[in-house]
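Report on the following structure.
The values are calculated or read from the model by the stated rules, or taken from the named source; none is laboratory data. Remember, it's a predicted structure, so these values are computed and weren't measured experimentally. Cβ: placed from backbone, ideal geometry, glycine included. Neighbour counts: every protein chain shown. Please note that ligands, DNA and RNA were not included when accessible areas were found on the heavy atoms of the full protein model with its side chains. Shrake-Rupley method; radii C 1.70, N 1.55, O 1.52, S 1.80 Å.
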Amino acid sequence: MTAALVFFLISGCLCAATTDPDAPPVLLGVDVLKAQGYALLAGKQVGLITNQTGVDSHGRSTADLLAKAPGVKLVALFSPEHGIRGTSEAGEIVGDTIDAKLHLPVYSLYGAIQKPTAPMLNSIDVLVFDMQDVGVRFYTYLTTMGMAMEEAAQRGIGFMVLDRPDPLGGSAVEGQVLDPRIQHFTAYYQIPVRHGFTAGELAQWYNQTHKLGVSLTVVPMKNWKRDMLWTQTGLHFVPPSPNIRNPTCALLYAGIGMFEATNVAVGRGTDFPFELFGAPWISGEVLAKRLNDLQLPGLQFSPTLFTPTVDNYQGQLCSGVRIKVIDSKLVRPIDLFVQIACLFRELWPNDFKPRWDEVARVTGSQDFEHLYIQNKPAAEILDVFHKSAEEFVKSRQTYLLY
């Protein structure tokens with residue numbers, strides 16, 4: 001597969017595609033499970049790892065469906081970062097609680113405890129994972145899935161994934177594969193930044209490549225195709241966290257989100273998180289012009305001023321750039337990160353402050369740091385990223401479901 005093809009197919013922009021009225025609707029894993037009468041869970045006591053995105057194609061909560069499913073005993077819920085309702089901010093510790101509607105314990109897997117413990121799993125036969133990821137390695141939901149799989153394997157508990165689309169599409173793969181020497185909650189799998197896996201595919205990949213030995217069942221979707229844009233699925237986009245508000249935001253997060261490892265504001269505390277970025281030391285006019293001169297596929301840039309209410313430069317006026325997605329199929333968010341960072345190096349070398357240990361976690365290795373400090377051009381850095389992504393695409397074929 002060529003680099004051009006690896007990066008060509010990207011989903012997520014509301015303006016880039018519309019649902020084909022003649023195409024069969026995409027049925028989520030939970031839809032398929034329900035259509036089968038929940039037979040795969042018959043007689044089982046179930047723990048459900050979920051949040052507000054765990055809904056069927058009609059918006060009905062998976063937790064509510066399993067609580068009412070004949071022959072199924074839902075005994076506990078488990079929540080990821082941002083909590084069971086997705087309202088907690090990034091990094092905010094989430095505690096255990098009781099679900100007000102179902103009167104079930106909700107165990108937090110984000111905070112002091114990141115894996116289900118023996119007392120939590122004492123009465124559970126199978127853990128079911130159903131929540132919407134954003135298709136980016138450093139987003140934490142799939143880390144929670146992997147850690148729960150490890151614990152299920154250790155305790156002889158079954159693990160089921162109710163599959164969902166990758167919001168960034170399943171064909172495009174971007175960024176460097178994670179160096180196995182880097183281990184962190186936001187750097188968990190040896191996969192590219194933008195991996196192109198669904199949750200079910202990643203679960204299969206992880207179980208087999210790391211020889212977990214967990215009894216894994218993936219309930220696949222129906223009618224989803226790898227090259228689908230989100231709007232082509234006909235599914236409503238439920239924001240997976242407070243600052244991933246739409247598919248365009250999710251797409252840009254894959255690149256602009258990397259700047260959270262630096263002293264750049266990425267739009268948290270504004271109406272357009274990850275759709276703009278800046279700092280008091282940036283000239284938005286200069287930066288927007290330089291970015292437009294690069295003619296990056298599918299993107300346009302305009303100068304902007306904003307004052308974040310939280311995060312970097314809280315309460316300070318920032319000058320920066322607003323990003324407009326013209327064609328999400330052409331956008332390469334990891335390329336965008338590299339191009340912006342190299343412009344910072346040229347224009348504001350004394351002001352831009354990467355935290356290199358964190359940069360390694362989001363980019364995948366120390367290669368970016370070394371090349372950047374050596375003043376290598378963006379094209380040379382991107383060549384390293386592109387080749388890594390291409391090699392991964394060749395190796396992942398065995399684990400694809402669609």
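Between Gln183 and Glu92, residue separation times 0.36 nm minus the direct Cα-Cα distance comes to 30.7 nm.
Helices in the chain, meaning DSSP H runs of at least 4 residues, each add -39500 (n - 2.57). Divided by all residues, the mean residue ellipticity at 222 nm is -8500 deg cm²/dmol.
Multiplying the residue separation of Asn263 and His210 by 0.36 nm and subtracting their alpha-carbon distance yields 15.5 nm.
Go through Gly158, Gln52, Ala187 and say which Cα lies farthest out towards the positive end of the charge dipole of the chain; charges sit on Cβ, +1 for Lys and Arg, -1 for Asp and Glu. Farthest towards the positive end: Gly158.
Just grab the label-to-label distance for Ala112 and Leu40, each label 7 Å out from Cα along the Cβ direction, in nm (one decimal). Spacing of the two 7 Å Cα→Cβ label points: 3.5 nm. Compute the long axis of helix 333-347 from its Cα atoms, compare it with the longest principal axis of the Cα atoms of the chain, and write down the angle in degrees, 0 to 90, nearest 10. For 333-347 against the chain, the angle is about 30 degrees. Dipole check for region 23-182: with +1 at the C-beta of Lys and Arg, -1 at the C-beta of Asp and Glu, and the Cα centre as origin, the magnitude is about 460 Debye. The mean accessible area for residues of region 301-399, using a 1.4 Å probe and ignoring ligands and nucleic acids, is 47 Å² per residue. Residue pairs exceeding 27 angstrom between C-alpha atoms, taken from Lys115/Lys211; Lys73/Lys115; Lys34/Lys101; Lys115/Lys324; Lys34/Lys211: Lys115/Lys324; Lys34/Lys211. Among Pro349, Pro273, Pro165, the largest mean-square fluctuation in a Gaussian network model of the chain (Cα springs under 10 Å) belongs to Pro349.
Listed peptides 196-202, 183-189 appear in the order 196-202, 183-189 once ranked by packing, highest mean of other Cβ atoms within 10 Å at the front. Peptides 150-158, 133-141 ranked from most to least packed give 133-141, 150-158, packing being the mean of other C-beta atoms within 10 angstrom over each peptide's residues. Using Cβ point charges alone (K and R +1, D and E -1), the dipole size of the chain about the Cα centre works out to roughly 500 debye. Taking N as the residue count of region 118-205, its C-alpha radius of gyration divided by 2.2 N^0.38 Å amounts to 1.12.
If each residue of separation counts as 0.36 nm, what is the full-extension length gain between Ala100 and Leu317 once their alpha-carbon separation is subtracted? Additional length available on full extension: 74.0 nm. Of all beta bridges that DSSP places with both ends in the chain, some 50 percent have antiparallel geometry. Computed with a 1.4 Å probe over protein heavy atoms only, the accessible surface of region 93-252 comes to 33 Å² per residue. The long axis of helix 247-256 is offset from the longest Cα principal axis of the chain by roughly 60 degrees. Simple rule: put +1 on each Lys or Arg Cβ and -1 on each Asp or Glu Cβ in the chain, find the dipole, and look at Gly135, Leu336, Pro308; the Cα lying farthest toward the positive end is Gly135.
Applying 1/(1 + (r/R0)^6) with R0 = 25 Å to the Cβ-Cβ distance of Asn246 and Asn223 gives a FRET efficiency near 0.65. Between the helical axis of 141-155 and the longest alpha-carbon principal axis of the chain there is an angle of about 40 degrees. Dipole orientation for the chain: of the candidates Leu216, Ser79, Val325, Leu216 has the Cα lying most toward the positive pole (charges on Cβ; Lys, Arg +1; Asp, Glu -1). Could you tell me what percent of the accessible area of the chain is made up of carbon and sulfur, with a 1.4 Å probe and every protein chain present? Using a 1.4 Å probe with all protein chains present, the chain comes out at 51 percent carbon and sulfur. For the chain, the spherically averaged projection of the C-alpha convex hull amounts to 18.6 nm². Quick one: net charge of Asp166's neighbours, Cβ under 14 Å, K/R +1, D/E -1? In short, +1.
Sorted on the mean count of surrounding Cβ atoms within 10 Å across their residues, most packed first, peptides 309-322, 28-41, 166-179 read 166-179, 28-41, 309-322.
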